[in-house]
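Heads up: the structure comes next, in structure tokens.
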Amino acid sequence: MAEKGNAEAQSSLGWAYRFGEGVEEDLVEALFRYRVATGLEHPLALVRVEPLIQRMSRALLLSSSNCGGVFCPNPYQEYM
């Protein structure tokens, strides 16, 4: 479902990656999934993304700006 753009599925995957529930903890992947879900206007993802950003190191935030091997602007610059 997540592959088909389901906001709830993307947000759930973000939660799973953030806390390592059923998958290895991966904050960059969690942020990516939350970003997709926020783009689909998922209300929980909108709330969850800020605390995750606050928890992430500068290096992780920089690595999260790499969109599938193609550099994209880092929307988290203000947190660095």
Checklist entry - Among 18-25, 40-47, 29-36, what's the highest-first ranking by average C-beta atoms within 10 angstrom per residue? => result 29-36, 40-47, 18-25
Checklist outcome for this item: Under the Karplus relation with 6.51, -1.76 and 1.60 and θ = phi - 60°, whole-Hz ³J(HN,Hα) for segment 47-64, x at Gly and Pro, equal 7, 7, 5, 4, x, 5, 4, 4, 7, 7, 6, 4, 4, 5, 5, 5, 5, 6
Next on the checklist: Quick one: 3J(HN,Hα) in Hz for segment 35-43, Karplus 6.51/-1.76/1.60 with θ = phi - 60°, rounded, Gly and Pro as x.
Outcome noted: 4, 4, 5, 5, x, 9, 6, 6, x
Item to check | Share of carbon and sulfur in the accessible heavy-atom surface of segment 9-62 [1.4 Å probe, %] | outcome: 56 percent
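The values are calculated or read from the model by the stated rules, or taken from the named source; none is laboratory data. Computed from a prediction, not measured in an experiment: that's the story for all the values here. Every residue, glycine as well, gets a Cβ built from its backbone with ideal geometry; the counts of neighbours run over all protein chains shown. For the accessible areas, the whole protein counts, side chains as well, though only heavy atoms, and no ligand, DNA or RNA atoms are used. Shrake-Rupley method; radii C 1.70, N 1.55, O 1.52, S 1.80 Å.
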